[in-house]
1. Here is a check on your reading of the model: is residue 25 buried (at least 17 other Cβ atoms within 10 Å of the Cβ), away from the ligand (no atom under 16 Å from the Cβ), among the hydrophobic types (A, V, I, L, M, F, W, C) and not assigned by TED's automatic domain parsing to the domain that holds residue 106?
2. For the stretch 164-188, give me each residue that is open to solvent by less than 20 Å² (accessible area, probe 1.4 Å) and of a type in the set (A, V, I, L, M).
3. Name the helices (runs of 4 or more DSSP H) wholly within the stretch 131-209 that hold at least 3 residues that are within 16 Å of residue 103 (Cα to Cα)?
4. Determine, yes or no, whether residue 81 is more than 21 Å from residue 29 (Cα to Cα), among the acidic types (Asp, Glu) and in contact with a helix residue (DSSP H, G or I) (Cβ under 8 Å, 6 or more places away or on another chain).
5. Six or more apart or on different chains, Cβ under 7 Å: which pairs go from a residue in the stretch 38-63 that's farther than 17 Å from residue 176 by Cβ and in contact (Cβ under 8 Å) with a residue 12 or more places away in the chain to one that's of a type outside the set (D, E, K, R) and not in a helix (DSSP H, G or I)? Could you list them?
6. Of the conditions (1) more than 27 Å from residue 61 (Cα to Cα); (2) touching a Gly at 6+ places or on another chain (Cβ under 6 Å); (3) β-branched (Val, Ile, Thr), residue 208 satisfies every one except a single condition; which number is it?
7. Among the listed residues 193, 199, identify the single one that is among the aliphatic types (A, V, I, L, M), touching a Leu at 6+ places or on another chain (Cβ under 6 Å), within 15 Å of residue 90 (Cβ to Cβ) and within 12 Å of the ligand (Cβ to nearest atom).
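The values are calculated or read from the model by the stated rules, or taken from the named source; none is laboratory data. Because the structure is predicted, anything quoted here is derived from the model rather than measured. When we count neighbours, we look across all protein chains shown, and the Cβ atoms used for this are built from the backbone with ideal geometry, even at glycine. Quick note on the areas: whole protein, heavy atoms, side chains included, nothing else; ligands and nucleic acids left out. Shrake-Rupley method; radii C 1.70, N 1.55, O 1.52, S 1.80 Å.
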Amino acid sequence: MDLEALYDAVIQGNAGAVEQGVRAALEAGVPADKILSEALIPAMAEVGRLFEAQEYYVPEMLISASAMQAGVNVLRPLLVESGAKPTGKVVLGTVKGDLHDIGKNLVGMMMEGAGFQVIDLGVDVNADKFIEAIRDGAQLIGMSAMLTTTMPNMKTIIDGIEAAGLRDRVKVIVGGAPLNQAYAEQIGADGYAPNASAAARLAQELLVR
Ligand code: B12
């Protein structure tokens, strides 16, 4: 299956075809990051466009998300491959009120691939859980938000970390489709990255230097 057929299979929400297509592409020598960036991720962007155009509704979005996940599961071992000893402890979570986790999961995989120990707090994560993770030794936290309505919760969490007296113990990075560098600065984060590989590079810059 070529990358275009793979793209279509995600949009159609055909998890079996996506899984097979990813395996076939890998066997044909297509690199894992190319399969992600040229088929799976653009397909989800198209699903978002279809949702906005009211051609897709939440169930279709969910079915496409599962299909994408089936492909990502095949790629996972290749993305996290790293012989290195952990270079730092990273804690990730999608912020309170937000259930989108595909992007965060990819960030986790790229971070593991870059040699970090990654602890994933899941979705709908509040300040208390991040604070506990910092007390447990997290050196960097990465927050994800995909909704304009949940973005402000990132600031609430940063404020909570500050109020707990822990802000200078941890680096905070943020990401998700509605965010940008200016917003990250506005809420007092240490950095923003637009995609998973940039997120791993940013974590390295902030921690390993
Ligand atoms: C799949 C999907 C869903 C699935 C999520 C399944 C899952 N397990 O994640 C389901 C069906 C559950 C869903 C529900 C909803 N969704 Co939705 N969803 C999407 C969709 C189509 C794709 C998101 C995705 O996975 N993209 C692919 C990944 C790889 O990209 P990414 O998440 O952006 O992540 C990358 C970067 O952002 C970055 N990154 C991400 N996190 C982090 C974190 C850090 C620290 C860093 C540095 C970087 C980083 O790196 C990632 C990898 O490169 C988007 C459309 C879109 N264009 O994004 C809409 C979208 C986000 N959803 C939307 C909406 C409105 C909803 C609902 C409110 C719909 C409803 N009426 O119920 C609900 C909200 C549920 C909730 N409380 O969270 C809107 C948001 C609009 C807005 N401006 O707020 C969008 C944009 C669709 C649209 N165009 O209208 N959704």
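1. Yes; evaluated as a whole, the condition is true for this residue.
2. As a first pass, look at the stretch 164-188 and keep what is open to solvent by less than 20 Å² (accessible area, probe 1.4 Å): 166, 170, 172-175, 179, 184, 187.
Of everything in the stretch 164-188, those that are open to solvent by less than 20 Å² (accessible area, probe 1.4 Å) and of a type in the set (A, V, I, L, M) turn out to be 166, 170, 172, 173, 174, 179, 184, 187.
3. Passing ranges, in order: 196-207.
4. No, not satisfied.
5. Hits for this filter: 50/56; 60/13; 63/13.
6. With (1) more than 27 Å from residue 61 (Cα to Cα); (2) touching a Gly at 6+ places or on another chain (Cβ under 6 Å); (3) β-branched (Val, Ile, Thr) applied to residue 208, the lone miss is (2).
7. Result: 193 is the single residue among 193, 199 that is among the aliphatic types (A, V, I, L, M), touching a Leu at 6+ places or on another chain (Cβ under 6 Å), within 15 Å of residue 90 (Cβ to Cβ) and within 12 Å of the ligand (Cβ to nearest atom).
Every residue, every condition in (1) buried (at least 18 other Cβ atoms within 10 Å of the Cβ); (2) under 12 Å from the mean Cα position of the chain (by Cα); (3) at pLDDT 95 or above, yes or no:
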position	(1), (2), (3)
67	yes, no, yes
75	yes, no, no
80	no, no, no
86	no, no, no
90	yes, no, yes
93	yes, yes, yes
98	yes, no, yes
